[in-house]
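Below: the structure, in structure tokens.
The values are calculated or read from the model by the stated rules, or taken from the named source; none is laboratory data. Please read all numbers here as calculations on a predicted model, not as lab measurements. We place every Cβ from the backbone using ideal geometry, glycine too, and count neighbours over all the protein chains shown. Side chains are part of the model used for accessible areas, which takes the heavy atoms of the whole protein and leaves out ligands, DNA and RNA. Shrake-Rupley method; radii C 1.70, N 1.55, O 1.52, S 1.80 Å.
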Amino acid sequence: MAALSRAASCLTRRPQAQPSRLQAARAMASSLFGHVEPAPKDPILGVTEAFLADPSPDKVNVGVGAYRDDNGKPLVLDCVREAERRIAGNLNMEYLPMGGSIKTIEESLKLAYGEDSELIKDKRIAAVQALSGTGACRLFADFQKRFLPDSQIYIPTPTWSNHHNIWRDAQVPQKSFTYYHPESRGLDFSGLMNDIKNAPDGSFFLLHACAHNPTGVDPTEEQWREISHLFKVKKHFPFFDMAYQGFASGDPERDAKAIRIFLEDGHQIGCAQSYAKNMGLYGQRVGCLSILCEDEMQAVAVKSQLQQIARPMYSNPPVHGALVVSIILSDPELKSLWLKEGMADRIIGMRTALKENLEKLGSPLSWEHITNQIGMFCYSGMTPEQVDRLTNEFHIYMTRNGRISMAGVTTGNVEYLANAIHEVTKSK
């Protein structure tokens, strides 16, 4: 009877619910990715997020690395608007080849290497369209790792933070070389030359062609010649990141002077170009990677390998921005308009205005470096603590290394900015 009772009890007991397939899948996914922690915030994008969340009517954002007009608004150049008008309804949107737009590449090489470059005529340059300057650097880093696996890259101190990410993720070992001199707010030329001299022969060096980011400090023409000579002696390979050609001084030829000096001295070089800053095509991701080779046969081989690296990354580059660039650079009228649109002039004018306002306030510090530096950024020399005061007391946002984006400085806020900087630096 006891056995029958237990059996009856089992028959009437409610069965335990079995987990659904969806629940099981969720549990498995949780166990697979449960160890993944949130990535640290990008320091520059974090500045913009904080700025947008601040309700203060006086807030100023001088952290963003994108051009703004004198009203603090994003700007689309007239030459870009005209190029887009010509594209609309007239050109297809088919896939580009793996190497990108041939016309965009041709015009990019003329811009970097010279309109009448013999190197272009001799077909010694392997070049592909890239996803702006970041993509060009990453393609080269992967090429370096694949074909020169024992090499490393020397990167200046400081540099654009993403340079470190790019070569790290390509698994290329990094070394640093001296560049900036904090006390003078200028170039540590002797330190730079010593590091170039002491690096193993045949080392790879990352160089900013113009408007060094974040310092705005560039070598003089004579210093570039000395650097080039020492590179020749040491058989180093220079890789130029040229993100600001035409934006730094307003003259693309002047901004390419460092590259031309190295070419005159017979170097093989690599070059990453971007049209984000100089044409305002930030979201279009248009750039070019070029590598100068010994001869045409070598250039063909190198280009084929660059395309093979690009294929599993993104297959082929986007078409619209490439069309805009090729139309502007190949049309004399539009190219002339591009050169006259004055982004560099406004930046240079704001440098002068900021310096003069600080001097009028009786600042005990020298602010000569504001106008001595060039390009998008001013490396102010302010400490992280002073930057925190600017944010907390004056609602002024910038990265904690003291880098000011001059694009965010306008005639409407330059006096307020100068007063705030004076307040946090006058007792230094």
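Evaluating Glu107 against the criteria (1) open to solvent by 20 Å² or more (accessible area, probe 1.4 Å); (2) in a helix (DSSP H, G or I) leaves one unmet condition, (1).
Has the range 387-398 got any residue that is in contact (Cβ under 8 Å) with a residue 24 or more places away in the chain, surrounded by fewer than 20 Cβ atoms within 10 Å (Cβ to Cβ) and closer than 25 Å to Met343 by Cα? No, every residue in the range 387-398 fails to be in contact (Cβ under 8 Å) with a residue 24 or more places away in the chain, surrounded by fewer than 20 Cβ atoms within 10 Å (Cβ to Cβ) and closer than 25 Å to Met343 by Cα.
The set of residues in the range 415-428 that are open to solvent by 10 Å² or more (accessible area, probe 1.4 Å) and modelled with pLDDT of 95 or more comprises Glu415, Tyr416, Asn419, His422, Glu423.
Based on this model, can you work out whether Leu289 counts as more than 26 Å from Asp345 (Cα to Cα), within 16 Å of the chain's Cα centre (by Cα) and open to solvent by less than 50 Å² (accessible area, probe 1.4 Å)? Yes.
Taking the range 40-94 as the range and being free of Cβ contacts under 8 Å to residues at least 60 places away in the same chain, more than 29 Å from Asp345 (Cα to Cα) and hydrophobic (A, V, I, L, M, F, W, C) as the test, the residues that pass are Ala53, Ala88.
The rows are residues; the columns are (1) open to solvent by less than 60 Å² (accessible area, probe 1.4 Å); (2) assigned to a helix (DSSP H, G or I).
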{"position": "Thr134", "(1), (2)": "yes, yes"}
{"position": "Arg138", "(1), (2)": "no, yes"}
{"position": "Phe143", "(1), (2)": "yes, yes"}
{"position": "Tyr154", "(1), (2)": "yes, no"}
{"position": "His163", "(1), (2)": "yes, yes"}
{"position": "Asp201", "(1), (2)": "no, no"}
{"position": "Leu206", "(1), (2)": "yes, no"}
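Number of residues in the range 387-407 that are over 17 Å from Thr215 (Cβ atoms) and either assigned to a helix (DSSP H, G or I) or not β-branched (Val, Ile, Thr) (or both): the value is 9.
Annotation for the range 316-337: at least one member residue is part of a loop (DSSP other than H, G, I, E, B), within 24 Å of Gly99 (Cβ to Cβ) and of a type in the set (Val, Ile, Thr).
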